[in-house]
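K.L.:
Please find one structure pasted underneath; my questions will follow.
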Amino acid sequence: MLFIGLQFVVWSVSGAYMVIMDIDYIHGDSLVTNEKQNIVPEQVKYSFTDLLTRYPQAENIELGLLLTKPVYRFDLKKQKRMVSAGDGQQLPKINIAMAIKLAKHHYANRQVEISKAQLITEKPPRELSARYLPVWRIDFDDFSSPSFYISVNSGQLVTKRHSFWRIFDWMFAFHVMDYIDEEADNRLLLIASTLALLASIFGLVLTYFRLAPKYNKKQNHQLNKPNKAGC
Amino acid sequence: MREAKKKTTLPFKLSTIKLLHKWLSLLVFIQLFIWLGSGLFFNLMDHSKARGNQHRQSIVPVAIDAQRLSDINTSLSITSEPLKEVSLVQRLGHPYYLITHDKGLYRHFKSHFSLVDAYSGVIKIIDNEMAAALAKESYSGSAEISHLKKVEPPIEDFLKEKNILWQVDFDDELNTSVYINASSGRLVGHSNDDKRFADFFFMLHFMDYPLTGNASVGGFNNWQIIFFALLTVVFCLTGLIWTLELLIKGRYKIK
């Protein structure tokens, strides 16, 4: 118990945090407005045919909106590109002003202020997958310090994070005892959970002897003095 | 004497802690064993098997003839529903415009699509024949299809899915089922007995029990786990305090 007791507390506290906090809230779903505007077909003057003739290698072509303007997004040699659906012009990479505009556009609270905007091109923070790089990180000055990550190439909101997600992430790492990859198949966890299972079996045996009426009666007859463990 | 002095400095009585610990042990022990046992299972299980993708293969896209594509605006005028996104997708080696009328935050959230043949401009409804072909396209095994049906949420193999799917069952040793979104034709995923076995342990670990009138939901934010988690926190803390007391009193000795 001496060795495993602390991990029991870690498991129960981290587990309790994860089950009490609503997972949709943790994902930051309440931070975004999901009222998307509609595409106006008349604004689409550049067709899929035009695009494919110009970029025959284009894959995963998608016609969507950038704020209010229709744009095509597609992959070209593993890189995201963006082209205006009005005239077929290739659109520039998202700059800081546009990134802030886009982040605010997706954010639920319209009156929010931005506390920081940062371009990340390599070594993503723990909370961001490297496949989204390069991105703009936009931090909001709001409850639970939310951050939105806006893709530089596509202008899309790729990840949303806030303090409770960050705590949840650590809780999960502590829960599976893996502080690097957060995978549940590490040896430390194997040793700890085997020991914990053994300790619990011993604990159950103790519970039986302490609480079983038959045994208690016998114990009361045998000893009238306080027992060694002090209870 | 020393012990009596220490007791007065603690904000709680050690005897209360011990009593609480003993009775809580009776309340939580079954679920505690389930947690530890299923936790150990997750540690030891074959993670690639648990994904249910033994017989899944990726689909190779074919070249699209740009000149044959029907005019996008004509295709869009087919439907009067709201227009959020249009993507050029392939189904069975044929190009389609996938028109998104309504899209949830994530793929498994409620969405609404139309599929339009990108060459002819005609709306394509995914019937059982096409569903079977789409499932076979993603299936690398040699077994035949045994059942095919349209299923509505809740779907046992994908509890979080909120859309109508085609379920295509294959007659293989793992009882593979392939799920296709009924309006977009997108492959939602494969499931098989290995994945179902792992899912059963997740159900136990998350206390996602199908209780009276409530089916499992595939999540861990339910009242019974919150209740037991709080009890377990108290159980573990009282246990730790007890252990520390024994440690201070010198009960742990290496002989």
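K.L.:
Against the longest alpha carbon principal axis of chain A, how many degrees, from 0 to 90 and to the nearest 10, is the axis of helix A:163-175 turned?
P.N.:
50 degrees
K.L.:
With an 8 Å cut-off on Cα pairs and a minimum separation of 6 or more residues, tell me the relative contact order of chain A in percent.
P.N.:
Values: 286 pairs, mean separation 38.8, N = 231.
Answer for chain A is 17 percent.
K.L.:
Here's a follow-up. What do the square roots of 5 times the Cα gyration tensor eigenvalues come to for segment B:135-255, in whole Å, largest first, as semi-axes of the equivalent ellipsoid?
P.N.:
46, 18, 10
K.L.:
Let me ask something else about it. State log₁₀ I(q)/I(0) for the protein assembly as shown at q = 0.06, 0.11 Å⁻¹ as given by the Debye formula over alpha-carbon point scatterers of equal weight, solvent excluded.
P.N.:
Treating every Cα as an identical point scatterer, log10 I(q)/I(0) equals -0.40, -1.07.
K.L.:
Between the alpha-carbon centers of segment B:137-203 and segment A:59-122, tell me the distance in whole angstrom.
P.N.:
Using only Cα atoms to place each centre, the spacing works out to 35 Å.
K.L.:
Rg and Dmax of chain A, using alpha carbons, in Å: what are they?
P.N.:
Radius of gyration, then largest Cα-Cα span, for chain A: 27.9, 95 Å.
K.L.:
While we're looking at this one, here's another question. Determine one quarter of the surface area of the Cα convex hull of segment B:78-159, which equals its mean projected area, and express it in nm² to one decimal. Walk me through the intermediate numbers first.
P.N.:
Details: hull surface 27.1 nm².
For the Cα atoms of segment B:78-159, the hull's average projected area reads 6.8 nm².
K.L.:
Measure nothing fancy, just the Cα-based angle from helix B:223-248's long axis to the longest principal axis of chain B, in degrees from 0 to 90, nearest 10.
P.N.:
Helix B:223-248 sits roughly 40 degrees off the main axis of chain B.
K.L.:
Determine, for B:LEU204, A:LEU51, the number of other Cβ atoms within 10 Å of each Cβ, and report the residues in order from fewest to most. Could you put the intermediate results ahead of the total?
P.N.:
Values: B:LEU204 17, A:LEU51 23.
Starting with the residue having the fewest Cβ neighbours, the order is B:LEU204, A:LEU51.
K.L.:
Among B:TYR106, B:TYR96, B:TYR179, whose mean-square fluctuation peaks in a Gaussian network model of chain B (Cα, cutoff 10 Å)?
P.N.:
Checking each option, the largest mean-square fluctuation is seen for B:TYR106.
K.L.:
Let me ask something else. For chain B, with equal point scatterers placed on the C-alpha atoms only and solvent neglected, what are the log10 I(q)/I(0) values from the Debye formula at q = 0.07, 0.16 1/Å, to two decimals?
P.N.:
Scattering profile of chain B, log10 relative to I(0): -0.43, -1.20.
K.L.:
Can you give the longest run of chain A that contains no GluC sites (Glu not before Pro) sitting in a DSSP loop with at most 10 other Cβ atoms inside 10 Å? All intermediate terms of the calculation are to be shown ahead of the outcome.
P.N.:
Details: sites that count: A:GLU35, A:GLU113, A:GLU122.
In short, A:123-231.
K.L.:
Right, something else. Kindly identify segment B:192-255 as rounded, prolate or oblate by the Cα gyration tensor criterion: order the square roots of the eigenvalues as a ≥ b ≥ c, call it rounded if a/c is under 1.5, otherwise compare a/b with b/c, prolate if a/b is larger, else oblate. Each step should come with its number before you reach the end.
P.N.:
Details: a/c = 5.79, a/b = 2.26, b/c = 2.56.
Oblate is the answer for segment B:192-255, as a/c is 1.5 or above yet b/c matches or exceeds a/b.
K.L.:
Go ahead and set up a Gaussian network model of chain A, Cα springs under 10 Å, then flag whichever of A:LEU76, A:LEU204, A:LEU91 fluctuates most.
P.N.:
Comparing A:LEU76, A:LEU204, A:LEU91 in the GNM, the peak value goes to A:LEU204.
K.L.:
Moving on. Out of every Cα-Cα pair in segment B:1-99, what percent are more than 16 Å apart?
P.N.:
Details: 3810 of 4851 pairs.
Result: 79 percent of Cα pairs exceed 16 Å.
K.L.:
Can I ask one more? So how far apart, in nm, are the two label points at B:LEU244 and A:THR121 if each is 7 Å from Cα heading toward Cβ?
P.N.:
Spacing of the two 7 Å Cα→Cβ label points: 5.1 nm.
K.L.:
Right, here's the next one. Using only the Cα atoms of segment A:29-161, construct the convex hull and provide its projected area averaged over every direction, in square nanometres to one decimal.
P.N.:
Numbers: hull surface 33.8 nm².
With the hull built on Cα positions only, its mean projection is 8.4 nm².
K.L.:
Can you tell me which of B:VAL188, B:VAL116, B:VAL60 moves the most in a GNM of chain B? Springs connect C-alpha atoms under 10 Å apart.
P.N.:
With Cα springs under 10 Å in chain B, the top fluctuation among B:VAL188, B:VAL116, B:VAL60 is at B:VAL60.
K.L.:
For segment A:11-94, what class follows from the C-alpha gyration tensor (a ≥ b ≥ c being the square roots of its eigenvalues): rounded when a/c is under 1.5, otherwise prolate if a/b is larger than b/c, else oblate?
P.N.:
On the way: a/c = 4.10, a/b = 2.30, b/c = 1.78.
Since a/c reaches 1.5 and a/b is larger than b/c, the shape of segment A:11-94 is classed as prolate.
K.L.:
Of all alpha-carbon pairs in segment A:102-197, indicate the percentage at a distance above 21 angstrom.
P.N.:
Details: 2053 of 4560 pairs.
Taking all Cα-Cα pairs of segment A:102-197, the fraction more than 21 Å apart is 45 percent.
K.L.:
Out of every Cα-Cα pair in segment B:14-55, what percent are more than 17 Å apart?
P.N.:
Numbers: 480 of 861 pairs.
Tail of P(r) above 17 Å: 56 percent of Cα pairs.
K.L.:
Which listed residue (B:ALA66, B:SER25, A:THR194) has the Cα farthest towards the positive end of the charge dipole for the protein assembly as shown, taking +1 on Lys and Arg C-beta and -1 on Asp and Glu C-beta about the Cα centre?
P.N.:
B:SER25
Computed from the coordinates by the stated procedures, all read-outs in this text should not be read as laboratory data. Please read these numbers as outputs of a predicted model, since none were measured by experiment. Here the Cβ is made from the backbone with ideal geometry for all residues, glycine too, and neighbour counts use every protein chain on show.
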